[in-house]
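Only one structure is covered here, and it is reproduced in the block below.
The values are calculated or read from the model by the stated rules, or taken from the named source; none is laboratory data. Everything numeric in this text was worked out from a predicted model, so none of it was measured. Here the Cβ positions follow ideal geometry from the backbone for every residue, glycine too, while neighbour counts run over all protein chains shown. Side chains included, ligands, DNA and RNA excluded: accessible areas come from the protein's heavy atoms. Shrake-Rupley method; radii C 1.70, N 1.55, O 1.52, S 1.80 Å.
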Amino acid sequence: MTMTDSTSSHACRTFEVRPNRSLSPTGMLIFFLVVTVLSLVVALRFLLLGVWLVLPFTLLELLVLGVSLYLFERHSRYSETLRICPDDILFIARRGVKILQECRFQTHWVSIVLQLDQQSWYPSRLLLQSHGKSIEIGACLTDEDRKAFAATIQATLEECRRMS
Amino acid sequence: MSVATAHDDHHDSHDHGPPKGWQRWVYSTNHKDIGTMYLFFALFMLFFGGAMAMYIRAELFMPGVQLANPDFYNNMVTDHALVMVFGMVMPAAAGMANWMIPLMIGAPDMALPRLNNLSFWLLPAAAIMLILSILAPYLFPGTGGPVNTGWTLLPPLSIQNGIGMDFTIFAIHMLGISSILASINIVTTILNMRAPTMTMMKMPLFVWAWFFTALLLIAVMPVLAGAVTMLLFDRHFGTSFFDAAGGGDPILFQHLFWFFGHPEVYVLLLPSIGVLGLVIPTFARKPLFGYKALVYGMGVLAVLGMVVWAHHQYTIGMSLWATNYFMIGTILISIPVGLMLMNFIFTMWRGSMTFETPMLFGIAIILMFSFAGVTGVMLAVVPADMQYHDTMFVVAHFHYALIPGAVFGLYAGVFYWLPKWTGHMYDERLGKIFFWWTTISFNITFFPQHFSGLAGMPRRIVDYSIQYTEFNVISSIGGFLFGLSHLLFLYIIIQTIRGGQKAPDKPWEGSQIGTPGLEWTLPSPPPFHSFTQAPVVK
Ligand code: HEM
Ligand SMILES: [Cu+2]
């Protein structure tokens, strides 16, 4: 996960949550090319020996690998922005620049709920709730990060309430 | 809009905790649940493959054919190996990867959770295919006898086999797809989802081991898939890839099979070496000696492992040049293997050691696996192998390689992580009894096979000449004891799941020494933190 926290105006704080990616898209491409070249060397050598049936399986495998990496890359363009101001809270989920979801809450009415699974088997869930409305935030974080994030926005919220 | 959830499908959506009942498992995309399913599947297959081993040892207890016909015996030899390799060791290692890799590198889950679900569920389907292949001669009478080729599936016999062979081929296809999907998932997870502080060179050895394992699988699995598909074509579509009568070449299949088969033994070995890399520093309370050397050593092993396959085929009459090349290449492999073992020994050197069950297995692995290395070098030497090939000596060699090298590593992992997995400590006294029981009975079983092999007893035969009787009686008694010990294993696991002393977050004093992952920082169950630290703020 990555979180950036910037103070957008003197009274508001903005958090940005993105899934953590330890390899850049270029790195992924290089990895894919290296695997492709090595696998094709093997498959083509066998092709020359008349064993043409290895090649289709290699191509199939590389296709699955490529598609997996691509889908994963697409996922990692996901981001959530949370702006907490004394009056309202704005939540926006994006993929790339496309907005997937946009929600507004009133700072005074919102509550932050961290749902824990008793066995700690499933990941916890962080919810923003108000007036029967509930959205999940920070699903792409690890458990500890989510807990820390919950604590931070809770503190920010209290600060904002005090200010208004 | 009353409920709006805005989450990436890194987690499945469930309102309060996991879905109940069977749906939790069938649709699971949770790495822990899938890991657990892999481990239980492996445990089941351990008993399935073990039952076949018990049958084999019962048949070999005395010379003569006592229990069934030779075809059935050969079928058991074949499926024992297939079940143990593809059904037990690989799924168990994959289960540990699923459970531990995300925790170790600080990822919320595996990179591709739905793919993960698919790669698990292909396994039971493949297992059903394998069982059908055993039952085929009885279910479909008149379609030919049992699969009796051995796990190497060599033609022309595999082309002449009955319909059971088709089921075997389908099973292998499914198993192959499953391990390729799992490998892709694991590689993607390791590369992309490490926490910001977890650089490649800080990864726990287990993660590195699985990284190389997954790359090996990606490299060689298509070759196996191609080879068995060609068998299928030869059987049903009139091709003659491997049929000398049609201009094909049965030796070609051997090259294809072993091009996959030799890297496969490292696929079985490496995850357990990874477990050793955690267990030894933990109980020696010293950082891993030569972490980088171990990582590079595993890399060299993986590369060398791909270019020495024909040491399984010295007796087929290769050119002198090829024979020499494969001999020297194979002997070279003992260098990275020796380096890894030395690193573990130096890790223990002057450590403050304690001997809990995982550590006992760790030490036993080093001792007994070295032995397999020695017999391996003997087998690598061409003139010697001309004598040893296809004797019980080879059976002894690879059981010393695979049981300590792979299976005991998995046992070490099970005992090491059971507290983390279940939240309970296992019964240390029973664990130690299990250790001594398996280790002693394993040696009683397989040590004599070196001698019966050197004396000339061939492998894969149902009957033998009477001068080998004593060795086989000892082997069989050891085998039954070894099999029996696993009931205790099962008991310990059930007991630990159902209750027992509560495990702390960090059950082992030394678990943060060496190349620790992030897994031991995870409490269980997690207490609610009040505001302690701000999230990573740039
Ligand atoms: C120093 C390292 C090793 C060397 C030099 C070595 C060498 C050999 C050779 C030459 C053979 C062929 C013998 C024959 O059929 O005549 C063989 C068989 C075998 N080895 Fe190793 N080996 C080593 C390590 C391992 C490891 C680490 C494993 C597995 C974890 C392993 C598993 C096997 C298996 C399963 C076979 C028999 C396959 C079959 O015919 O069904 N070996 N080894
Ligand atoms: Cu080999």
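Structural remarks
- Test for B:P204: is it modelled with pLDDT under 95 and touching a Pro at 6+ places or on another chain (Cβ under 6 Å): no
- Annotation for region B:456-467: no member residue is open to solvent by less than 30 Å² (accessible area, probe 1.4 Å), assigned to a helix (DSSP H, G or I) and more than 16 Å from ligand 2 (Cβ to nearest atom).
- Selected residue (only one of A:L114, A:L126 is under 30 Å from B:D505 (Cα atoms), touching a Gly at 6+ places or on another chain (Cβ under 7 Å) and assigned to a strand (DSSP E or B)): A:L126
- For region B:248-275, filtering for residues that are assigned to a helix (DSSP H, G or I) and more than 13 Å from ligand 1 (Cβ to nearest atom) leaves 9.
- Meets criteria (at pLDDT below 95, more than 29 Å from B:I105 (Cβ to Cβ), part of a loop (DSSP other than H, G, I, E, B) and of a type in the set (S, T, Y)) for A:S8: yes
- Search result, residues across region B:109-147 that are open to solvent by less than 30 Å² (accessible area, probe 1.4 Å) and part of a loop (DSSP other than H, G, I, E, B): B:D109, B:M110, B:A111, B:L112, B:P146, B:V147
- The one condition in (1) at pLDDT below 75; (2) buried (at least 16 other Cβ atoms within 10 Å of the Cβ); (3) part of a loop (DSSP other than H, G, I, E, B) that B:V537 fails to fulfil: (2)
- Per the listing B:L215, B:L205, the residue uniquely open to solvent by less than 20 Å² (accessible area, probe 1.4 Å) and in contact with a helix residue (DSSP H, G or I) (Cβ under 8 Å, 6 or more places away or on another chain) is B:L205.
- Annotation note: Cβ proximity below 7 Å between a residue of region B:302-319 that is open to solvent by 50 Å² or more (accessible area, probe 1.4 Å) and a residue that is in a loop (DSSP other than H, G, I, E, B) and within 13 Å of ligand 1 (Cβ to nearest atom) (sequence gap 6+ or interchain) occurs for B:T315/B:H389.
- B:I134 being free of Cβ contacts under 8 Å to residues at least 60 places away in the same chain and among the aliphatic types (A, V, I, L, M): yes
- Across region A:44-94, the qualifying residues are those that are open to solvent by 10 Å² or more (accessible area, probe 1.4 Å), among the hydrophobic types (A, V, I, L, M, F, W, C) and in a strand (DSSP E or B), and the one among them that is nearest to the other protein chains (Cβ to nearest Cβ) is A:I92.
- Across region B:292-317, the number of residues qualifying as more than 23 Å from the chain's Cα centre (by Cα) and either in a helix (DSSP H, G or I) or of a type in the set (A, V, I, L, M) (or both) comes to 5.
- The condition (being in contact with a Leu (Cβ under 8 Å, 6 or more places away or on another chain), open to solvent by 10 Å² or more (accessible area, probe 1.4 Å) and away from every other protein chain (no Cβ under 13 Å)) is satisfied by just one residue among B:L191, B:L175, B:L181: B:L175.
- For region A:138-153, residues that are at pLDDT 80 or above and more than 7 Å from chain B (Cβ to nearest Cβ) total 4.
- Among the numbered conditions (1) closer than 30 Å to B:S352 by Cα; (2) among the β-branched types (V, I, T); (3) at pLDDT 95 or above, the only one that B:I280 does not meet is (3).
Matching residues to (1) surrounded by 20 or more Cβ atoms within 10 Å (Cβ to Cβ); (2) on the phi < 0 side of the Ramachandran plot; (3) without any contact (Cβ under 8 Å) to a residue 40 or more places away in the chain:
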{"site": "B:I345", "(1), (2), (3)": "no, yes, yes"}
{"site": "B:S352", "(1), (2), (3)": "no, yes, no"}
{"site": "B:M359", "(1), (2), (3)": "yes, yes, no"}
{"site": "B:G362", "(1), (2), (3)": "yes, yes, no"}
{"site": "B:I365", "(1), (2), (3)": "yes, yes, no"}
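- For region B:263-297, a residue qualifies if it is within 16 Å of ligand 2 (Cβ to nearest atom), away from chain A (no Cβ under 14 Å) and touching a Gly at 6+ places or on another chain (Cβ under 6 Å), and the qualifying residues are B:Y266, B:L269.
- Members of region A:17-39 found to be more than 7 Å from every other protein chain (Cβ to nearest Cβ) and among the aromatic types (F, W, Y), listed by number: A:F32
- All positions within region B:398-454 that are open to solvent by 40 Å² or more (accessible area, probe 1.4 Å) and closer than 20 Å to B:L379 by Cβ: B:F398, B:L402, B:N443, B:F447, B:F451, B:L454
- Checked against the criterion of being in contact with a Lys or Arg (Cβ under 9 Å, 6 or more places away or on another chain), of a type in the set (A, V, I, L, M) and surrounded by 17 or more Cβ atoms within 10 Å (Cβ to Cβ), the candidates B:V394, B:V382 yield just one match: B:V394.
- Look at region B:223-239: where a residue is facing another protein chain (nearest Cβ under 8 Å) and a partner is aromatic (F, W, Y) and assigned to a loop (DSSP other than H, G, I, E, B), sitting 6+ places away or on another chain with Cβ atoms under 8 Å, you get B:M230/B:F241; B:M230/B:F242; B:F233/B:F241.
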